[in-house]
Amino acid sequence: MDPVTAVAAAGVALVVKGALESAGQEAGRSGWAGGARLIERLRVRFRGDTTAEHALERVAGTPDDEAAQQALQRQLAAHMLLDPDFETEMRRLVDEAVAAQGRSGAQISAALVKNAQVFNGKVEVQGNWTTS
């Protein structure tokens, strides 16, 4: 996966997280409170691009819709490829989210992972762990 696609996938996961947080389903679970800020930033960036605006609104309205997530990922990657400054900003936001996860401890939500590539730090497992 190329770097722009990876950042776009992570950005979409953060939009999903922000949409869930704003709906109260995930409130207080994250050390990074930038989900709503990211959604607003994308609204401003996508203004005038009806396809991108629609993709964002679909994910914000129905965060579990995988087709909507893929459409938003394509739109986000396209905008990042067209504007290197925007790409840098998206990388910074993703880095902030990863750093916040490090401060608050590792947390994984299957609703966010789905088809998105996830970048994790060191994982340690202790105690008795049984799988079936």
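Do the conditions hold for Gly35, that is, is it at pLDDT below 90, under 20 Å from Glu96 (Cβ atoms), more than 13 Å from the chain's Cα centre (by Cα) and of a type in the set (Gly, Ala, Ser)? Lay out the reasoning, then the answer.
Values: at pLDDT below 90: yes; under 20 Å from Glu96 (Cβ atoms): yes; more than 13 Å from the chain's Cα centre (by Cα): no; of a type in the set (Gly, Ala, Ser): yes.
Answer is no for this residue.
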Margin query: So, in the range 62-94, how many residues would count as being surrounded by 13 or more Cβ atoms within 10 Å (Cβ to Cβ), in a helix (DSSP H, G or I) and of a type outside the set (A, V, I, L, M, F, W, C)?
Written below: 9
Margin query: Quick check on the range 44-61: of everything there that is under 14 Å from Gly18 (Cβ atoms) and surrounded by fewer than 16 Cβ atoms within 10 Å (Cβ to Cβ), which residue is modelled with the highest pLDDT?
Written below: Glu57
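The values are calculated or read from the model by the stated rules, or taken from the named source; none is laboratory data. Everything numeric here is computed off the predicted structure, so don't read it as measured data. Neighbour counts run over all protein chains shown; Cβ positions are idealised from the backbone, glycine included.
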